[in-house]
Each structure stands twice: as structure tokens, then as C-alpha cells.
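Written below as C-alpha cells is the structure these notes are about.
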Amino acid sequence: MKILLALDPSTRTMDEAIKFAAEKQASLTALFVLDTTWNDYTGHDWLSGSGSRADFLEYARDDELASEVDVLATFRGRCPPDCEIRSATGRVTDEILNELARGDYDLLVMSQPFRRGLEIVRDTAGMILKGATCSVYLVREDEVRCSSRSGIESSLGVPAS
């Protein structure tokens, strides 16, 4: 059996994939996708000619690179030595589906919601489920984040169910 773990910051998802691979004596490959689609989200408006758009894209790229380093270090600290780690660059959902097709995996393990860098990747599970060539195991996030009207973000511990 071959398992693909779509990496995001969720340690709960990492642990679930590692546990499942050990129980099934399966090979585990972890994939981190460096999201390069921020250019699509900023559009081609009045910011295009200013330094603001370029500054934001540079900030988003730097945040993605820092996230990659942190997530990979966290996973390496948790996984057995025989886990394979891969990286890809592009649209997160496209690269996960590409890896699923190339690797002939039996199971994909990923967080719901799926976080990458600066945001939650919108409708990741829906897009993955439409194109997945294997079973998909969604792991609910470690904690739920909520924002108050004053802009203060807080974490609410939510027990796993």
C-alpha cells in the first residue's frame, strides 16, 4: 500500500498519516507544494504598475518558503526514517493531483481545511475529490481559528471527534 500525505502545518494530520502507514505497513510519501499562484489573486489592476504588487508577491513568496522550511522540519522530526519527502511548485491542488497520478497511490491523507502559508486553500477537498485516483482521508484541523470584529485572531481548541 502507498500513502501520500499532502503537507500543511497540521501536526495532527502528520501524526494520523504516520500512524496509518505504520498500522498498514505502508510506504508513506509526504508532498509539500510551494504555492506560486499569488500572482493570479492579485490580478492586473492599478497595482500592476506600482511597487506594491511586486512587494506583496515577494512577501507571499518569502512566506511560502519559510512555511516550507517549518513544515518539512516538523514532519522530519515526527516521521520514521523511511518516509519519502517530495516538493513541488505550482497550484496546490493541481500538484497534489499530479503526484497522485504519477505515484499510483492507494490513499491520500490531508487536512480539512487545508492550510498553506498565508491562507486556507479554498475548496481543496472538493477539488481533490473530483480528480483523485485513490481514496482520500480528511483529517480535521488541530484547532479552529476565528476572528473577532476588532481584527484579533484567537484559537479555540476543538476536541477531535
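Yes/no per residue for (1) exposed (fewer than 14 other Cβ atoms within 10 Å of the Cβ); (2) without any contact (Cβ under 8 Å) to a residue 24 or more places away in the chain:
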site: I85; (1), (2): no, no
site: T89; (1), (2): yes, no
site: Y105; (1), (2): no, no
site: F114; (1), (2): no, no
site: R122; (1), (2): yes, yes
site: M127; (1), (2): no, no
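Summed over segment 11-31, the residues that are under 22 Å from R102 (Cα atoms) and more than 13 Å from the chain's Cα centre (by Cα) give a count of 10.
What do you reckon, is R53 among the charged types (D, E, K, R), farther than 21 Å from A132 by Cβ and at pLDDT below 90? Criteria met by R53. Check segment 114-128 and report whether any residue there is at pLDDT 90 or above and closer than 18 Å to I3 by Cβ. Checking segment 114-128: at least one residue is at pLDDT 90 or above and closer than 18 Å to I3 by Cβ.
The values are calculated or read from the model by the stated rules, or taken from the named source; none is laboratory data. Computed from a prediction, not measured in an experiment: that's the story for all the values here. Positions of Cβ are backbone-derived with ideal geometry, glycine not excepted, and every protein chain shown enters the neighbour counts.
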